[in-house]
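The values are calculated or read from the model by the stated rules, or taken from the named source; none is laboratory data. On a predicted model such as this, the values are computed, not experimentally measured, just so you know. Cβ atoms come from the backbone with ideal geometry, glycine included; neighbour counts cover every protein chain shown.
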Amino acid sequence: MEIAPQLTWETGTAYDLFTSLDVVHNPARYGLRGSWAAGVRSRLPAEPREFLQNSVEGHHLWMIPWLANQAGPKDSATILQTLAAIPPEQRLQEIAACYMADDMQALLFGVAAAGQWRPEDKEALRELYAQMQREERGKSKRMSDEELEGRLAVWADTAVYSQNLLDALTVYYDVFFKEEEARIQKPLEARIAEAKVLAAALPLPDLLNELSQGLRFEFEQTAEMEELVMIPSFWSTPLSMFTAFSRDKTRWLFLFGGRPDGVSLVPGEVVPELLYQMLKALADPTRLRILRYLSEEPLTPAELARRLRLRPPTVIHHLDALRLARLVHVTLSANGRRYEARHEAINTVTTMLDGFLAGDS
């Protein structure tokens with residue numbers, strides 16, 4: 001990735017408002033105990049809880065590009081006020097315009113303008129999703145009629161959906177996230193300070209790899225990047241988001257881990273989260289074999305599946321666990337993913353274990 005964009009540094013707890021929603025609704029993806037996440041969700045009244053659980057997009061990170069485009073403070077209360085100031089019938093379109101492809105916009109915004117959808121809209125939407133799946137993952141995933149009709153129903157009455165969205169976000173903030181916001185502010189500021197020091201010493205590819213704790217990027221579409229907004233997220237650690245948020249793809253954002261290694265997502269947790277994830281990953285014999293292969297050379301999931309004589313989905317499951325434990329490097333390119341062992345992480349786990357047993361954490 002031979003580019004030298006301007007780096008812009010930004011902190012905003014509203015980013016964690018949205019990433020935390022993804023975490024509590026998909027805890028396994030982040031290595032979080034499902035029971036604790038369920039406890040957070042149970043604090044919400046039934047109606048907003050069900051709405052957030054059944055969000056049409058299936059996750060809650062789709063608002064990040066819109067958030068990155070906003071000017072001014074990005075604390076949660078301010079951003080909720082910004083959302084409330086957008087007329088309900090325009091709110092969903094404004095959010096989606098920041099990430100949605102032109103052909104998808106033409107279809108769904110047309111449904112919104114008409115206030116209803118037709119059978120041909122469903123088939124057009126099915127093909128657009130299939131095309132997107134082929135481009136992003138190399139294969140087509142057929143959408144069910146129920147999923148397609150649910151999405152179209154939302155766009156046929158965007159005012160109702162967008163108002164329900166704002167109401168649910170407001171309740172989530174008042175019931176849970178307002179208190180969480182105070183806990184994460186200082187760690188986010190400290191992470192920005194650390195990242196700036198690294199940026200002064202490392203070329204951009206190495207900086208992104210260091211901040212993401214294992215991601216490397218090989219994307220041709222980054223050639224037009226002029227600005228890269230660097231944003232720490234406490235809740236999404238160690239997973240990252242790297243995407244364009246301007247229509248001309250000159251402005252990109254990099255959402256990276258903002259939670260210190262010795263701090264757990266669950267308040268008051270005695271065992272450091274990273275230590276637990278590392279030891280859990282290393283306790284599996286298949287994962288140890290994978291790490292041994294990846295210590296010899298970078299491999300794709302398909303190549304590992306052949307060596308291990310396992311189904312590719314099984315191998316990907318193990319690789320996800322290793323990535324969550326920061327034990328592998330992942331190179332992302334237009335041709336897919338390649339993995340290799342992240343040897344410095346082994347030193348981290350031994351140091352953390354020594355410190356924990358000595359009572360240092």
Could you list, in sequence order, all residues of segment 256-275 that are surrounded by fewer than 17 Cβ atoms within 10 Å (Cβ to Cβ) and either within 18 Å of the chain's Cα centre (by Cα) or at pLDDT 90 or above (or both)?
P260, V266
Selected residue [crowded, with 22+ Cβ neighbours inside 10 Å, touching a residue at least 60 places away in the same chain (Cβ under 8 Å), within 30 Å of A182 (Cβ to Cβ) and not acidic (D, E)] from S233, S212:
S233
Here are some residues: L165, L204, L253, L169. Which one is crowded, with 20+ Cβ neighbours inside 10 Å and farther than 16 Å from G12 by Cβ?
L165
Right, A38: surrounded by fewer than 14 Cβ atoms within 10 Å (Cβ to Cβ), part of a helix (DSSP H, G or I), at pLDDT 90 or above and small (G, A, S) or not?
yes
Looking only at segment 262-285, decide whether some residue is within 26 Å of V23 (Cβ to Cβ) and of a type in the set (F, W, Y).
yes
Could you tell me whether segment 207-228 includes any residue that is assigned to a helix (DSSP H, G or I) and farther than 29 Å from T300 by Cα?
no
